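A short worksheet on the structure shown next.
The values are calculated or read from the model by the stated rules, or taken from the named source; none is laboratory data. All values reported here derive from a predicted model rather than from experimental measurement. We place every Cβ from the backbone using ideal geometry, glycine too, and count neighbours over all the protein chains shown. Surface areas here come from the heavy atoms of the whole protein model, side chains and all, with no ligands, DNA or RNA. Shrake-Rupley method; radii C 1.70, N 1.55, O 1.52, S 1.80 Å.
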Amino acid sequence: MALSSTVPERVEWGIKADRIAVIVALVVGIPTVLLYTFSYSGSLIRALAALMFMGVLIIARRRPGLALLGFWVASWINLTTEVWPLLIQVIAGAWVAYTSTRFGHRFTLIASGISLAVGTVFAASISGGYFYYNYSLYGSGLQFAIMVTVIGAYLGVPWLLGLRQRSKAQIQAQRERAEDAELQRRYALEAQQTAVMEEQRLTRVAAAEAASARLARDVHDVVGHSLAVILMQAESAQYLTNTTDLHESMGNIATCARRSLGEIREVLHAARVGEPSGIATPPGGLGALLDSVQASGVDLEVTQLGQSRALPPDAETVAYRVLQEMLTNAIKHGEHGRPIAVQLTWADRLTMEVRNLDGGHTISRALHGAGISGMSHRLKAVGGSFELSRHQSADGEVVTATAWLPLRAN
């Protein structure tokens, strides 16, 4: 049987046991103390021993080690005057034998077993001679065996009972600790699963928000550009008197509207099937975009510096949509009838610059729209940047939108 150095948990009836021990100590101990204090001369030493046994009864459950020591000290004091044990000594001995193993630390448990064995042999030696009128230290072998059996049973039974209860308490405590550990493991597992589910939910929400933002940018780019061109064509058409020019303007409006509807269908299809990218870049890239804007009647002054080169698909899409938005803003907010200057510079990076005369507070309106943030977001995704500035010129206030895209070496 394993001996634990940990004190077992107190039993549920601990407080009741303490009260019973106090009552027994008072009921049995006080008459004994009074008896030896006042009835027999020279017996004050036994009265002192009785008081000590009362204290042992009271503290045995809470302080088993101290109670064990007190019991043997009181027993030695009592044996110096009389071999016959006191009744309270008998009760205290059984209670100490039980509490030492039930509630004591490992050292107390071992000490109680050794001391009770030695005490049994010593008490049997003395008591055997007392009962059989033999005052030698050792009586006959039979007398000694009988007394060892009686005293050993008297002290050993409660000692073994306490050891059994201690073992049961330890097993129960281990079972409860194992159950608590399993419960904590389940809680930790549930918490981990909850955290994973929450992370997955946040990932889905972030993906949905990103898809929504991408859809909003694509719709804004397509619809904004098309409507700006259509609006300019419609405003110009009302001043046309030549039927041929009017038909050409209406044709440009219809072409732009059909192209816009086609691109919107691509955007919605991509959003519906969950494709990561939005609209594919129309054939021809930046050159085709500039040509289509010029064909719609917008006066563009295009300058290219450096040798143009093919762009990676992601950078090509970004460059196309950013230039489209820059032209849209120039058409919408620039002064009508004035040319829009477009400069493309090919070096270690592609620089796209669009300049136009301000038609009235261009920057203040543009900064609060979705176009600037959309262009900045697109460029940032490929390592680029965007800047909007204005300066005075002889013709008026010039607004300059500049975008930079890094180019990978071929």
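Just to verify a number: what accessible area does residue 209 come out at with the full protein assembly present, 1.4 Å probe, Å² rounded to tens?
Roll a 1.4 Å probe over it and residue 209 shows about 120 Å².
Rank these by accessible area, largest first, 1.4 Å probe: 189, 350, 66.
In descending accessible area the options line up as 66, 189, 350.
Please calculate the 1.4 Å probe accessible area of residue 98, with all protein chains present, and give it to the nearest 10 Å².
Surface open to solvent at residue 98 totals about 20 Å².
Less than 21 Å apart at the alpha-carbon level, and either on another chain or at least 8 residues along: which lysines does that give for residue 16?
Result set, ordered by chain and number: 168.
Let me check I've understood the local charge: for residue 286, count other residues with C-beta under 14 angstrom from its C-beta, Lys and Arg +1, Asp and Glu -1. What total comes out?
-2
Could you put 166, 258 in order of accessible surface area, largest first, with the 1.4 Å probe and the full protein assembly present?
Largest to smallest exposure gives the sequence 258, 166.
Can you give the net charge of the other residues whose Cβ lies under 13 Å from the Cβ of residue 160, counting K and R as +1 and D and E as -1?
Here the charged neighbours net out to +4.
Ignoring everything but the protein chains, give the 1.4 Å probe accessible area of residue 105 in square angstrom, nearest 10.
My reading of the accessible area for residue 105 is about 100 Å².
Provide 204, 106 ordered by accessible surface of protein heavy atoms (probe 1.4 Å), highest first.
From most exposed to least exposed: 204, 106.
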